[in-house]
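J.: Take a look at this one; I'll ask things after.
The values are calculated or read from the model by the stated rules, or taken from the named source; none is laboratory data. Just so you know, these numbers come straight off a predicted model, no measurement behind them. Neighbour counts are summed over all protein chains in view; Cβ atoms, including those assigned to glycine, are modelled from backbone coordinates with ideal geometry. Just the protein is used for accessible areas: all its heavy atoms, side chains included, with ligands, DNA and RNA removed. Shrake-Rupley method; radii C 1.70, N 1.55, O 1.52, S 1.80 Å.
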Amino acid sequence: MDDDDETPKANLAWPGASRAIARNATLLRAIGLVAFVCLSIVFSTAGIYLRSWELQFKIQELKDYVLISNQPDSACEGAIGGEWVYGAIERFMGCEARQREDFTWSDKEIYDQCVSTHQFSEAKHCQRGREVRVMVYNITNPQAVVEGLTPRITEIGRKSGGEFVFYKDCKTFDTEFGPTETEFSEYCYYTYKYPATEEVDLSQQVVTVNAGLMEAIGNSVRLIDYIVPVVWGTHALDYLNATTTTAEDYIRGQLLSFSWPNNFGDHFLNQFSPERGRAGFRARDNARTLFEMVLDQQQEYCMVNGTQYDRNQCISMANTLNIFARRYYESFQSYNIHPYGLRYKDGAGLFVRARIGDLLGYYSGYEDPLSAYLFPRKVSWGVVRSKTQVEISAATNAGKADARNGVMNAGPLGRSKVVSNTIDSLGSYIQYQGRTFVTEFDWHGCRPLGSTGQVVVPADGPYPPQCNGGAPLRVTGSRGAQVKPRVWSLQPGVLADDNIVLFSPTLMRPMRYTFVEDLELSADSNNFVQVRRFELLPPGLTEARMSFNCEEAFRLMASAGVLNRGSDCDAHQGMFDLRSVSHQVPYMWSLPHFYHVETADSTQHPRNNLIGFVTPTGPRYRNMVLVEPESGRIVQSMMKEQISIKLYAEDGNYFFRTHKSVIIPLYWTFETKNATTAERQLLAHFQSAFQGLHA
């Protein structure tokens with residue numbers, strides 16, 4: 001065989017070398033594969049730890065954003081000392097001191113600070129704050145209503161169209177930041193949004209129910225309008241120059257009797273005429289005593305000018321005062337009666353023509369001699385009435401004193417307390433104006449006095465079984481800016497809940513809002529933030545009702561003070577009786593245009609007893625909030641409520657005897673608060689980061 005025919009193996013010095021090379025190549029490939037797998041595991045583990053670290057960082061960043069601690073932190077460090085006070089908010093959003101400062105500031109102060117740091121991006125970063133939009137109702141046929149016919153109602157807004165709009169700026173004081181809760185007092189002031197047209201808008205006049213008269217009746221014996229003959233009857237004796245003979249003729253016309261003593265007409269004028277030399281300033285007090293004696297069935301006689309008269313004679317004198325009041329009113333057949341701006345036949349006194357600014361409380365209010373006799377102040381609804389820190393402090397001190405003496409009023413009894421530094425129940429009240437529980441505001445059956453005159457039931461319970469049906473309502477629910485957050489996966493948050501609870505300052509009770517839908521809000525041209533919509537629906541309205549001991553058998557027991565009867569027992573479903581928190585003015589709360597109000601008999605529905613009201617549909621009447629689930633921030637709130645007044649029944653009245661006991665709407669409000677574009681972008685960033693880290 002030639003050398004060229006020899007195989008390669010014959011040329012190797014080591015015949016087994018080729019096999020060794022093949023084996024080594026296999027081993028090298030195996031080693032490389034093992035090294036690759038190990039490196040993959042190492043890098044994967046490092047990636048997991050990195051993602052976990054980044055996730056923890058984002059969670060902590062979000063918690064710093066939504067929680068308010070009472071401790072200092074490094075996030076407040078700036079280029080110069082104290083920069084956190086006035087610097088751009090996005091640079092110090094995790095600074096606890098800045099968050100505490102902002103908590104005490106009003107929306108106006110925060111807005112002014114924002115404008116100073118974002119002169120060229122104000123629209124993106126700055127929000128003026130809460131706006132209160134108001135529509136007022138006008139009665140166009142007061143004479144027909146007095147005669148017992150159906151009221152005709154129209155809505156009144158700005159002269160140029162739309163609602164009256166006020167900025168609502170609330171500021172906290174006596175603020176104390178605790179480990180998990182913040183305790184504070186608060187006062188609010190209002191500013192009209194359109195100062196150039198303020199006089200034109202708020203000087204408009206409407207005809208509406210005289211809340212002053214309703215307050216006077218609500219605080220009178222048997223809820224009867226004897227306040228009218230007390231005030232105007234005594235005034236008429238002087239105004240109409242009543243003589244002894246005239247008085248005696250009217251009195252005898254009521255009771256023809258031979259038992260009248262001599263000079264009884266003179267006794268009558270000396271007791272009830274405000275003329276100098278007769279009763280003077282004591283005339284009204286004397287007349288009030290007479291009427292309250294007549295209405296007390298146990299009283300058998302009255303004293304008039306030092307002379308004793310029997311019950312029938314006392315009734316005759318009361319009726320005579322009523323006759324003189326009517327004669328005074330009838331003298332204005334074709335003229336308006338001051339200060340009501342209406343004629344006698346238009347129901348002057350039962351109704352009033354007043355400026356919208358006075359009615360809303362933005363101005364001082366309107367004059368009403370009927371209520372001013374009992375409560376010497378001007379009358380308003382107080383919708384946008386500004387208050388000062390001094391007023392709130394004085395009211396709180398008075399409430400504390402009342403509570404210690406077993407009397408509970410509807411005003412503040414102390415400071416409010418809200419959860420601020422733990423994600424569980426974040427943003428929720430646990431105490432409102434000194435109250436841990438919401439009761440009927442009169443303590444009947446809740447805090448009775450012992451034999452020594454001292455309160456025997458602690459302010460925060462436990463309460464006796466007859467108080468609020470044995471289940472006092474605990475204060476809870478969001479303050480309006482924050483609900484329980486999810487914070488990725490630390491707790492279920494609103495993503496797992498089909499409802500949230502918000503606290504209603506008007507009703508002084510928690511209200512449950514039901515989940516409606518998920519939707520997206522634009523954060524900028526490219527980003528969107530996912531939010532959840534919650535709405536106040538009939539189940540939440542029903543749950544909030546104070547409707548215990550509503551059986552008819554308990555009505556007389558409640559009036560005798562034997563037990564408490566729910567304040568909403570006699571209100572339609574979807575409506576709430578506010579008289580216990582409104583000094584017995586029979587205000588009624590509902591959604592606008594009686595949305596979600598239900599009655600067993602459709603003929604009794606408030607909307608069917610008014611002319612000019614249509615069945616409400618659409619978002620204009622819905623009470624809703626939009627919540628970003630990761631942070632729990634309420635990014636849009638649309639809080640609506642309507643306040644109506646229920647005319648006290650005409651049965652037994654002395655003066656206004658022909659009207660129906662109907663519910664007449666006064667006004668409705670729409671309070672809004674929206675997150676800024678920058679805030680929506682920040683929340684969208686958190687959502688995107690959590691979604692990316694979760695992938």
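J.: Kindly provide the set of residues from the stretch 387-406 that are out of contact with any helix residue (DSSP H, G or I) (no Cβ under 9 Å at 6 or more places or on another chain) and not hydrophobic (A, V, I, L, M, F, W, C), ordered by number.
T.: Across the stretch 387-406, the qualifying residues are T388, Q389, E391, S393, T396, N397, G399, K400, D402, R404, N405, G406.
J.: To continue, here is another question. Restricting the search to the stretch 157-175, which residues are without any contact (Cβ under 8 Å) to a residue 40 or more places away in the chain and in contact with a Cys (Cβ under 9 Å, 6 or more places away or on another chain)?
T.: none
J.: Scan the stretch 562-569 and give yes if some residue there is assigned to a strand (DSSP E or B) and of a type in the set (D, E, K, R), otherwise no.
T.: Scanning the stretch 562-569 turns up no residue that is assigned to a strand (DSSP E or B) and of a type in the set (D, E, K, R).
J.: Still on this model: Pick from the stretch 470-529 the residues that are outside any strand (DSSP E or B) and β-branched (V, I, T): which of them is surrounded by the most Cβ atoms within 10 Å (Cβ to Cβ)?
T.: Selected residue: V483.
J.: Looking only at the stretch 191-225, filter to residues that are open to solvent by less than 30 Å² (accessible area, probe 1.4 Å) and of a type in the set (D, E, K, R); which one of those is farthest from Y654 (Cα to Cα)?
T.: D201
J.: Within the set of pairs 6+ apart or on separate chains, which have a first residue in the stretch 657-686 that is free of Cβ contacts under 8 Å to residues at least 24 places away in the same chain, a second that is open to solvent by 20 Å² or more (accessible area, probe 1.4 Å), and C-beta atoms under 6 Å apart?
T.: Close Cβ pairs satisfying both conditions: R657/E650; S661/A649.
J.: Within the stretch 272-287, can you find the residues that are open to solvent by 30 Å² or more (accessible area, probe 1.4 Å), in contact (Cβ under 8 Å) with a residue 12 or more places away in the chain and out of contact with any Phe, Trp or Tyr (no Cβ under 8 Å at 6 or more places or on another chain)?
T.: If the condition is that a residue be open to solvent by 30 Å² or more (accessible area, probe 1.4 Å), in contact (Cβ under 8 Å) with a residue 12 or more places away in the chain and out of contact with any Phe, Trp or Tyr (no Cβ under 8 Å at 6 or more places or on another chain), then E275 is the only one that fits.
J.: Right, next: Considering only residues that are assigned to a loop (DSSP other than H, G, I, E, B), under 18 Å from A287 (Cα atoms) and of a type in the set (S, T, Y), which ones fall in the stretch 237-273?
T.: Correct list: T243, S273.
J.: For the condition open to solvent by less than 70 Å² (accessible area, probe 1.4 Å), at pLDDT below 65 and either in contact with a Phe, Trp or Tyr (Cβ under 8 Å, 6 or more places away or on another chain) or polar (S, T, N, Q) (or both), what is the one hit in S40, S52?
T.: Of the residues listed, the single one that is open to solvent by less than 70 Å² (accessible area, probe 1.4 Å), at pLDDT below 65 and either in contact with a Phe, Trp or Tyr (Cβ under 8 Å, 6 or more places away or on another chain) or polar (S, T, N, Q) (or both) is S52.
J.: Condition check: open to solvent by less than 60 Å² (accessible area, probe 1.4 Å), out of contact with any Pro (no Cβ under 8 Å at 6 or more places or on another chain), without any contact (Cβ under 8 Å) to a residue 24 or more places away in the chain and under 26 Å from V209 (Cβ atoms). Does G357 satisfy that?
T.: Considered against the rule, which asks whether it is open to solvent by less than 60 Å² (accessible area, probe 1.4 Å), out of contact with any Pro (no Cβ under 8 Å at 6 or more places or on another chain), without any contact (Cβ under 8 Å) to a residue 24 or more places away in the chain and under 26 Å from V209 (Cβ atoms), G357 comes out as no.
J.: Consider E543 carefully, then state whether it is acidic (D, E) and under 22 Å from the mean Cα position of the chain (by Cα).
T.: For E543, the condition - acidic (D, E) and under 22 Å from the mean Cα position of the chain (by Cα) - is met.
J.: When residues of the stretch 542-559 are filtered for being without any contact (Cβ under 8 Å) to a residue 40 or more places away in the chain and in a helix (DSSP H, G or I), how many remain?
T.: Residues meeting the conditions: 8.
J.: Out of the residues in the stretch 67-96 that are part of a helix (DSSP H, G or I) and buried (at least 18 other Cβ atoms within 10 Å of the Cβ), which is modelled with the lowest pLDDT?
T.: Residue satisfying both the conditions and the ranking: A75.
J.: I'm checking my understanding of the structure. Among residues of the stretch 560-583 that are of a type in the set (G, A, S) and free of Cβ contacts under 8 Å to residues at least 40 places away in the same chain, which one is most open to solvent (accessible area, probe 1.4 Å)?
T.: A560
J.: Condition first: within 27 Å of the chain's Cα centre (by Cα) and not hydroxyl-bearing (S, T, Y). Now tell me which residues in the stretch 129-150 satisfy that.
T.: G129, R130, E131, V132, R133, V134, M135, V136, N138, I139
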